[in-house]
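Here the structure is laid out as structure tokens; the discussion comes afterwards.
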Amino acid sequence: MNKTHSILVAALIYVIIQGTALWISAGGYGIKKGVIEKIDQGDITPVTEDPDNPYSAIYLFIMILVATSLLLLLIKYSLQTLMNIMITAGFMIGVFYTFSSMFNQHIGVAAAILLTILSISKKDNIWVMNTTLVFVIPGIGSLLGASLSIIPALIFLIVLSAYDIIAVFGTKHMVKLANMANKSEKNLPLMFAIPAGDRFLALGTGDMALPVVFTVAMLRDYPIQHSILAAAGGLVGLIAILAYIMNKKGLTLPALPPIAAGLISGFVVSLIVF
């Protein structure tokens, strides 16, 4: 797969994830009740108690730090079984929320079981991992985004962007994971791996999930066209950083900051246009 095709695949993954998340969150065509409406009516328990409280963003950030630290410790000490349990649980929850939002809980359970079995039995196939993550992220991202309003979501996005910079240039654990992806066709925990010539383009799930959290949170305060325009801005940021990285062999850069800049720019433009 050449560089252009790799970037297009990454862009397509982004569009599918965003489209699915906005569809199930807003209650689009064929959806009886969106994720936001379900949370507001008590059908789903929100991740945060107060969507409007800015401290809700800090609470979510701490949760992510804890989960990430635990995952890195499991990887460091080669505790494969515990790591697999943790990842499998995350997969099942995400797929369940995605498919139960699109259809019903019975299909959600069936899809979660089937995709989890497939991802375990075909764990060395990067496309199985990529496809599974495409169905995991809309569910989890929508649940997180529907638990926030625009201001906490904006804070959350900015804080995670800063963390992404630290993870690449400070602690460098993201660099280590990206280098592992470039050296192996085997899937990495919670990462997209897209063939790109003689290497692999590695994208963390956060690079796809955080835009979902932001655009879904916008639905609480603005019509869906604002979210669509913000998502389009994020797509521009994603393509820009990938195009730059692809022309710099051996370079690893944080993808979330330019994506976040695109999301925020798209949001600002939406306020002007609409």
Residue check for residue 114: over 17 Å from the mean Cα position of the chain (by Cα), over 23 Å from residue 34 (Cβ atoms), modelled with pLDDT of 90 or more and not aromatic (Phe, Trp, Tyr) | yes
Within segment 74-130, track down each residue that is without any contact (Cβ under 8 Å) to a residue 24 or more places away in the chain, over 23 Å from residue 64 (Cβ atoms) and among the charged types (D, E, K, R).
-> 122
Residue in segment 30-38 that is in a helix (DSSP H, G or I), within 19 Å of the chain's Cα centre (by Cα) and buried (at least 19 other Cβ atoms within 10 Å of the Cβ) present | yes
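Every residue, every condition in (1) of a type in the set (Asp, Glu); (2) within 20 Å of residue 15 (Cα to Cα); (3) more than 19 Å from the chain's Cα centre (by Cα); (4) surrounded by 18 or more Cβ atoms within 10 Å (Cβ to Cβ), yes or no:
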position	(1), (2), (3), (4)
231	no, yes, no, yes
237	no, yes, no, yes
240	no, yes, no, no
247	no, no, yes, no
255	no, yes, no, yes
263	no, yes, no, yes
266	no, yes, no, yes
271	no, no, yes, no
Neighbours by Cβ (under 6 Å, 6+ apart or cross-chain): first from segment 190-218, touching a residue at least 40 places away in the same chain (Cβ under 8 Å); second charged (D, E, K, R) | 196/3
Any residue at all in segment 103-110 that is more than 30 Å from residue 195 (Cα to Cα) and within 18 Å of the chain's Cα centre (by Cα)?
-> no
Can we say residue 101 is part of a helix (DSSP H, G or I) and either over 18 Å from residue 61 (Cβ atoms) or not aliphatic (A, V, I, L, M) (or both)?
-> yes
Select from segment 39-57 the residues that are touching a helix residue (DSSP H, G or I) at 6+ places or on another chain (Cβ under 9 Å), assigned to a helix (DSSP H, G or I) and not small (Gly, Ala, Ser) and list them in ascending order.
-> 39, 55
Condition set part of a loop (DSSP other than H, G, I, E, B) and in contact with an Asp or Glu (Cβ under 8 Å, 6 or more places away or on another chain), scope segment 110-166, selection farthest from residue 258 (Cα to Cα): answer is 124
Might you check whether a residue that is at pLDDT below 95, under 24 Å from residue 47 (Cα atoms), surrounded by fewer than 23 Cβ atoms within 10 Å (Cβ to Cβ) and of a type in the set (Asp, Glu) occurs anywhere in segment 156-169?
-> yes
Residue among 227, 270 that alone is closer than 28 Å to residue 129 by Cα, at pLDDT 95 or above and not basic (Lys, Arg) = 227
Can we say residue 211 is surrounded by 18 or more Cβ atoms within 10 Å (Cβ to Cβ) and either polar (S, T, N, Q) or at pLDDT below 95 (or both)?
-> no
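The values are calculated or read from the model by the stated rules, or taken from the named source; none is laboratory data. Values in this document were obtained by computation on a predicted structure and should not be read as measured data. When we count neighbours, we look across all protein chains shown, and the Cβ atoms used for this are built from the backbone with ideal geometry, even at glycine.
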